[in-house]
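The values are calculated or read from the model by the stated rules, or taken from the named source; none is laboratory data. Bear in mind the structure is a predicted one, so any value in this text is a computation, not a measurement. A quick note on method: Cβ atoms are made from the backbone with ideal geometry, for glycine too, and the neighbour counts reach across all protein chains shown.
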Amino acid sequence: AQTVTQSQPEMSVQEAETVTLSCTYDTSESDYYLFWYKQPPSRQMILVIRQEAYKQQNATENRFSVNFQKAAKSFSLKISDSQLGDAAMYFCAYRRTGNQFYFGTGTSLTVIP
Amino acid sequence: DVKVTQSSRYLVKRTGEKVFLECVQDMDHENMFWYRQDPGLGLRLIYFSYDVKMKEKGDIPEGYSVSREKKERFSLILESASTNQTSMYLCASSPPLQGGQPQHFGDGTRLSIL
């Protein structure tokens, strides 16, 4: 079974600082995809960043980057220069060959002005 | 942009009622999903569909059924609503796996069963 673990239910960061959200997953597959989703208080879930397991290079999208450690099955999200609009629930998700996605329990990020 | 539309943002129903939650997507996606979101539990998959009239159970299908008569529409049905089905319900759609395509979500329906 595939499981996704987010061990930090809540995190906070000072505005303009950097924060890292943790995610680990369990799989026996070698080919899969990993995602970070953001759910602001308005509730619509939006994609932040994704990573293909076969790619060694870590994905980057503007202020968002990941640290993908395939052997350790770790996929952390780094948010640089945090902004008030980054405050949200963040979900890590896994998709293998097939149609299902598996989500972690989420990390609630607070940005302190 | 992909748009996934859920018919209601808030819904209040009574125990024992049959409840329909509707979801429509406009990007011709093959896959559609219904999740339940509860604090501390994340998103749990109820059902998903990979084609018209095709469905598969997710992790928590008990007490729910689904219908997909047209490709763009995926309905979640609570056959006889109970108070423990009070929750946030999220619909999502995605293309097939190729390229690691992500899911696209609707705004969610906050359902209260009294």
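For this structure, a couple of remarks:
- If you check B:Ser93, B:Ser67 for being small (Gly, Ala, Ser) and either part of a loop (DSSP other than H, G, I, E, B) or more than 14 Å from B:Glu30 (Cβ to Cβ) (or both), only one passes: B:Ser67.
This table checks each residue for (1) hydrophobic (A, V, I, L, M, F, W, C); (2) more than 13 Å from the chain's Cα centre (by Cα).
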residue: B:Gly16; (1), (2): no, yes
residue: B:Phe20; (1), (2): yes, no
residue: B:Glu30; (1), (2): no, yes
residue: B:Arg73; (1), (2): no, no
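- Residue in region B:1-9 that is modelled with pLDDT under 95, among the hydroxyl-bearing types (Ser, Thr, Tyr), over 25 Å from B:Gln101 (Cβ atoms) and assigned to a loop (DSSP other than H, G, I, E, B) present: yes
- Tallying residues that are under 27 Å from A:Gln14 (Cα atoms), among the charged types (D, E, K, R) and part of a strand (DSSP E or B) within region A:26-85 yields 4.
- Exclusive hit being facing chain B (nearest Cβ under 9 Å), modelled with pLDDT under 95 and surrounded by fewer than 20 Cβ atoms within 10 Å (Cβ to Cβ), set A:Gln44, A:Gln2: A:Gln44
- Some residue of region A:49-63 being within 23 Å of B:Ser94 (Cα to Cα), aliphatic (A, V, I, L, M), in contact (Cβ under 8 Å) with a residue 60 or more places away in the chain and within 14 Å of another protein chain (Cβ to nearest Cβ): no
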